[in-house]
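Asker: Would you mind keeping the following structure in view while I ask a few things?
The values are calculated or read from the model by the stated rules, or taken from the named source; none is laboratory data. Here the structure is a predicted model, which means the values were calculated and not measured. For neighbour counting, all protein chains shown are included, and Cβ atoms are generated from backbone atoms with ideal geometry for every residue, glycine included.
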Amino acid sequence: MTVGMEVGSDGDAGDGRGRRKPLRRFSLGHVAVVVAALLAFVANVAFLRSRDDATAVVVAARPIAAGEIVGGDDLATTRLAAEPSVLASLLTSVDGVEGRVARRSLAEGEMVGAGDLLTEAAPEGMASMAIPMDPAHAAGGTIRTGDRVDIVDVDPDGAAVYVVRDAPVLVVSDERAGALAGSGNRHLVVGLSEGEVLAVAEAIADGKVDIVVTTGASGE
């Protein structure tokens, strides 16, 4: 007696069920890749948007000392996203800065304020000269850019004479810290005539110079 066996259409023994295709499973590795891709996309969009919102600002391309004349290669630009009030206080273009004078010292990469560069080193017909001075001999460190000062030379015998009267102060070192205030010696840059430059140089060589603020005085 021959017993027949039913064979399914796919050639397998029929058991009432067809062969199931295996399901594709996602591992944690796949999820991590998808998440990383999404984060990279969001970061890229945020970066591009921040660049669109950024404004060019001027920075020092190298360390610049107070009183130093600035050249075209001394400054560079970078982009900054900030509030309008912050941007208004910064220099946003290098146009027209050639030959201007640093009001304060600037570190490399430091942003340059709108008032950090003086338009002229000295009034027409005058020279600019830096004078090293201890705050104790410079009106207690209260001298500011734009003040007028007298320069007094004290000789070894204690006799004092005026070397310069009513000279304009062009730059005060580290003015952000309170003009000449603070520890250690600092300097200021004043406008002098040709003859006054030599007299002040001799006074500095003596090592006993006092600076007297005359801003608002009668000038007598």
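The rows are residues; the columns are (1) among the hydrophobic types (A, V, I, L, M, F, W, C); (2) at positive phi; (3) modelled with pLDDT under 85; (4) outside any helix (DSSP H, G or I).
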residue: SER9; (1), (2), (3), (4): no, no, yes, yes
residue: GLY18; (1), (2), (3), (4): no, no, yes, yes
residue: GLY29; (1), (2), (3), (4): no, no, yes, no
residue: ASN44; (1), (2), (3), (4): no, no, yes, no
residue: ARG51; (1), (2), (3), (4): no, no, yes, no
residue: VAL57; (1), (2), (3), (4): yes, no, no, yes
residue: ASP95; (1), (2), (3), (4): no, no, no, yes
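Asker: Could you check, for the stretch 121-139, whether at least one of its residues is modelled with pLDDT of 80 or more, out of contact with any His (no Cβ under 8 Å at 6 or more places or on another chain), surrounded by fewer than 16 Cβ atoms within 10 Å (Cβ to Cβ) and closer than 24 Å to VAL70 by Cβ?
Answerer: Scanning the stretch 121-139 turns up at least one residue that is modelled with pLDDT of 80 or more, out of contact with any His (no Cβ under 8 Å at 6 or more places or on another chain), surrounded by fewer than 16 Cβ atoms within 10 Å (Cβ to Cβ) and closer than 24 Å to VAL70 by Cβ.
Asker: Continuing with this model, one more query. Would you check which residues across the stretch 59-93 are surrounded by 13 or more Cβ atoms within 10 Å (Cβ to Cβ), of a type in the set (S, T, N, Q) and in a strand (DSSP E or B) and list them?
Answerer: THR77
Asker: Please enumerate the residues belonging to the stretch 160-186 that are among the hydrophobic types (A, V, I, L, M, F, W, C), at pLDDT 85 or above and either closer than 12 Å to ARG104 by Cβ or over 35 Å from the mean Cα position of the chain (by Cα) (or both).
Answerer: ALA160, VAL161, VAL163, listed by residue number.
Asker: List, please: which pairs have Cβ atoms under 6 Å, are six or more places apart or on different chains, and start with a residue in the stretch 93-108 that is outside the structural domain of VAL171 (by TED's automatic domain parsing) and among the acidic types (Asp, Glu) and end with one that is surrounded by 11 or more Cβ atoms within 10 Å (Cβ to Cβ) and in a loop (DSSP other than H, G, I, E, B)?
Answerer: GLU108/ARG62; GLU108/PRO63
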